[in-house]
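See below for the structure under consideration.
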Amino acid sequence: MRHRVHRQSLGVTREHRAAMLSNMGASLITHGRIKTTLTKAKALRPFIEKVVTKAKKATLHLRRLASKDVRDLAAINLLFDEKVTEFLNRPGGYTRIYKLGARIGDAAEMALIEFVKADDPGYKKPKKKGASKAKKQVETPVVEAEPVVAAAAPVAEAPDSAEKKD
C-alpha cells in the first residue's frame, strides 16, 4: 500500500535524491530547460516550484531556505534577482513537462522540463471561487402585447337554392 507516500524515491537514498534534485534544479534555473527522464522530471517539478514560490516573496530568510534546497549560490542569485520577475503575476505552475519518447539505450521514457514564460498564450488566470457564486437576479423587461383580434373575413354569400328555379 502507498499510504503517505508523497514523492518518488527514484531508486536512490534520501541523500542522493536531495543532491540530485538540487543539481537538476540548479541546471533548470541556469539553462531554462533540461532533458531528463520522465520520472525525474515529475520529481523535480514540485521541488523547483516551491523554490520559485520562495523567490517570489524575496526575503532574506526565504533566500537562505532556497539556498539550502538548491545548493548553487549562482543559480539562487539568478533566480531571486532576475528570473523571478517572470513569475510575479503567476499563481503557480511555473514549469512544463514535454514527453519525448523512449531513450534508445534502455528504453527509459525521456522528458523535457522547462520554465513557462509569463506571456504564455496558453495560460488563463483561474476564476475566483466563492464570492462569484451569488447569482444576480436580472430583471427582464416585460413587454405587454396588444390582444390579437381576429379580423372577420368577408364571407361570400352562398347562392340560395331557392333563387335557382330555372
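Points to keep in mind about this one:
- Cα pair distances in the range 24-78, grouped into 5 Å bins until the bin that holds the longest one, percent each: 4, 21, 32, 24, 12, 5, 1
- When only the Cβ of Lys, Arg, Asp and Glu is charged (+1, +1, -1, -1), the dipole of the range 24-71 relative to its Cα centre reaches about 60 debye.
- Here the relative contact order of the range 1-68, from alpha carbon pairs under 8 Å that lie six or more residues apart, stands at 26 percent.
- Cα-based shape type of the range 1-117, given that a ≥ b ≥ c are square roots of the gyration tensor eigenvalues and the cut on a/c is 1.5: prolate
- Flagged links, alpha-carbon separation over 22 Å, of K68/K117; K54/K117; K35/K56; K35/K83; K54/K99; K35/K117: K68/K117; K35/K56; K54/K99
- The range 89-119 and the range 6-73: distance between their alpha carbon centers, rounded to Å: 14
- Segment E109-A74, length gained on full extension (0.36 nm per residue, minus Cα span): 9.6 nm
Each value in this text was obtained by applying a stated rule to the coordinates, not by laboratory testing. All figures in this text were calculated on a predicted structure; none of them were measured in a lab. We place every Cβ from the backbone using ideal geometry, glycine too, and count neighbours over all the protein chains shown.
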